[in-house]
Amino acid sequence: MSAQSLAPRFVVVASEPAHAGDRTASVTLSAMWLASMMLALAALAPDVAGSLSALASSRAEEREGAERWLAAHLAVDDFERLASFLPNAELPNAELEPRARLALALGGDDRHFDLARRLALGSEVAVRDCGVRAVRAIVERWLGGSDGPPVTDAAPTPVAGEARQPLRLELAGASLEELVDLLARRGGLGGGALAGGDAVPLCIDLGLAADAELPRAEPELRTGAWGELVAATARRFGARHWLYGNGETRAFAVLARIGVAEPRSATEWILLRTKAALDSPDVGERERAARAVAAVGFAPAIELLAERFRLDGDVAALSGLTLAAARGRVAPALCTVDAARALVRRAEAALARGGSRARFVAAECGRALAGLGDTTDGARPLDVLGESLERCTDEQLAWRLRVATLARAASAPLDQAARAALANPAPSVERAAVAAAGFAYLVAATPGPLGRVEAAAPRALLAAEMQRGRGVTFVEAWARAGLDVPREWREPALATDVALAVFDAEWRAERPDDALVDRFIALVRADLEAVEERIDLWRRRGRLEAVNALLDAAKKRATDAGPRDVLDRLDARLARIDDARAEALLARFSAPPNVDWLAVGGLAGSQVGARAREALVVALGSLASDAAPSDPLGRGIERAWTVLRSRGDRAAADAFLGEVRDALRAAKRTRFLEALASRAWPLAPATRPLDLRLQDLPDGF
């Protein structure tokens, strides 16, 4: 009989009791009757024990109802009851349906992950089997497909298909965790993306020294698709790597120590790492495991870290939550004022300790803070950035200003600190860095032009930002704020890229004056390739006519042979050569020993184009065995191919590439042939490698 069938059915008849005593007795009897009915209903209502027993019922509807009830009502507190039930579950007809239904009940909802993982770690075989099946169901729902063995030690293939644009990454002078973090956050730009567009999660497994760093002695620049850079990073640090996932909707990559066997499935990996993150007595191991599970983005495990942090402020859990938030997965537990203060303390403690890892930790905390929103009760966690500023060191104050800039979190105390830093002299690099951070903060906090700003030492500000590798972005921010370029920024000692940014900030008119043209000529002579890259940027920004006017003005101003020669080279590289000059320029730029293959390639679409292309193809026969497409000849061939394509002559471009392929096969130049086969070379301008470090500059760290 159902509880509903026991519900009282009666008709209320309005009548007046004979006297007060009858009324009191009636109310008492009604209360007693109602209480007894409540007890009866409670006795009939489902509970965990009754529902577990009902899983073995002979009636299918009762078994299904019990499964649904358990799925909706089970909690972590029921672990002991389930652990006792599973080994002794009644198995009618020797079937495993009760255990299977319990696994389905647990695996159907992410809320049960903690309970399921505890069962999966149980001592009884039946308990472990049920827990593993439930966890696997949760993991497979997250993966969007079946869970199986990982792909190991091969360059992970981009999940969303072939990479559209190669990436460039400098390995030297960076720690393993810095490189992995950069590949994880920015990898989607070069093919390391899921079908939905998110970057493929990438983590460092237990046993690898995350802070291991390669020496800065020699540059180690790597170019390729995301998966190739992951493989190159793993090899360089003596690690191996594997990829879990179904290759379509969800996957994650793991870098691990050589000699460590990979877990057989994503389910096993997640179980083992979550256990270490929550249960290991060693705080270092807990932190490494917490960062690993947070890095792969598995939400149920991240929620367990959040719960641990809420309960006891566990530093290992906070480290994992920080990493997850810095990569865009912010746990609600972090969106509180107390959690924001904990992140500030973590970052500033790292800066106070110093060392090679300090800035990485501070930047990670900064990105995590920038992802926090306001709370439901109206509190603003990021207001903590303006607290106790008087206690901050210069480095800590600069960090707070950069976080506020990234988060667009203006406040009166920070505004005052930023203006004070700009107005005060800058006796040290550290103080100048604060002033530069203050300037960036004010630009972000002020809609429209910044207007009047009191900057006491603009030379020191630029020097401080150049030391951080951010000179160009600082000059560009200055120009966007509508400020005049300081005279002292025009000094010839500036690096060419910064000097070009300064030039760009002052170059407003379509017809530049003679002084500006003379500065441009000096820049071309100092670094032709840097100027060429900047011109490519100007063209992509729609300034083609202005660029041509500038180049024409430079040709008129250049009277000496030296400037005219370098401007002719620039014209040839940019395919700005008229037929009358093409013959002489081809002879000049293809003559040994100072052949300019980029200039020869730029002539590929001119009157002498056929001879220019032939010179490039013939030169392939004398290539050194270790030559690469990034060498001058390879870049010249790429330039010729792009010039033909830009002119709309795809037939000629394809024919030229066919001749190049035949010459490479005859010369047996493997590196070129591999690049050609993988479409990594030649590349059109729109698909030139993206420098991952440059993509990170707008963050300010």
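Key figures
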read-out	value
In nm, spacing of pseudo-spin labels at residue 525 and residue 416 (7 Å Cα→C-beta vector)	5.3 nm
Cα gyration tensor of the chain - equivalent ellipsoid semi-axes, whole Å, descending	63, 35, 23
Sites residue 539 and residue 651 - FRET efficiency at Förster radius 25 Å, r taken between beta-carbons, to 0.05	0.50
Nearby aspartates and glutamates by direct alpha-carbon distance to residue 555 (threshold 15 angstrom, same-chain neighbours under 8 apart not counted)	513, 514, 518, 565, 568, 571, 578
Equivalent ellipsoid dimensions for region 301-396 as semi-axes, Å, which come from the Cα gyration tensor, largest first	21, 16, 11
Dimensionless Rg ratio for region 516-582, taking C-alpha atoms and the 2.2 N^0.38 Å reference	1.04
Residue-wise HN-Hα coupling along region 228-239, computed from phi with Karplus coefficients 6.51, -1.76, 1.60 (Hz; x: Gly, Pro)	5, 5, 4, 5, 5, 5, 4, 4, 5, 9, x, 10
Modelled FRET efficiency - R0 25 Å, residue 387 with residue 283, Cβ distances, 0.05 increments	0.35
Share of carbon and sulfur in the accessible heavy-atom surface of the chain [1.4 Å probe, %]	52 percent
Per-residue [θ]222 nm for the chain (sum of -39500 (n - 2.57) over DSSP H runs n ≥ 4, rounded to 500)	-18000 deg cm²/dmol
Per-pair calculated FRET efficiency, R0 = 41 Å: residue 625 and residue 560 via Cβ, rounded to 0.05	0.50
Whole-Å distance, taken between Cα centres, linking region 370-410 and region 273-348	20 Å
Fraction in percent of alpha-carbon pairs per bin - 10 Å, region 431-578	10, 39, 31, 16, 4, 0
Rounded accessible area of residue 642 (nearest 10 Å², 1.4 Å probe)	20 Å²
³J(HN,Hα) computed for each position of region 364-374 - Karplus, 6.51 cos²θ - 1.76 cosθ + 1.60, integer Hz, glycine/proline x	4, 4, x, 5, 5, 4, 5, x, 6, x, 5
Estimated dipole of the chain in Debye, rounded to 20 [Cβ of Lys and Arg +1, of Asp and Glu -1, Cα centre]	1280 debye
If the convex hull is drawn through the Cα atoms of region 545-589, its volume per residue in Å³	74 Å³
Of 572, 472, 432, farthest towards positive along the dipole that unit charges on Lys, Arg, Asp, Glu beta carbons give the chain	572
Global size of region 321-377 as Cα Rg and Dmax, reported in angstrom	11.3, 39
Orientation-averaged projected area, Cα convex hull of region 559-650 (nm²)	6.2 nm²
Region 621-696, Cα convex hull volume normalised per residue, Å³	98 Å³
Whole-Hz couplings from phi, Karplus 6.51/-1.76/1.60, listed for region 656-661; x for Gly and Pro	4, 5, x, 5, 4, 4
Region 492-541: mean projected area of Cα convex hull, nm²	3.3 nm²
For region 670-701 and region 485-519, distance of Cα centres in Å	29 Å
Residue among 592, 352, 409 farthest towards the positive dipole end of the chain, charges placed on Cβ	592
Accessible area per residue, Å², the chain with all protein chains present, probe 1.4 Å	48 Å²
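The values are calculated or read from the model by the stated rules, or taken from the named source; none is laboratory data. Please read these numbers as outputs of a predicted model, since none were measured by experiment. All Cβ positions, glycine included, derive from the backbone under ideal geometry; neighbour counts span all protein chains shown. For the accessible areas, the whole protein counts, side chains as well, though only heavy atoms, and no ligand, DNA or RNA atoms are used. Shrake-Rupley method; radii C 1.70, N 1.55, O 1.52, S 1.80 Å.
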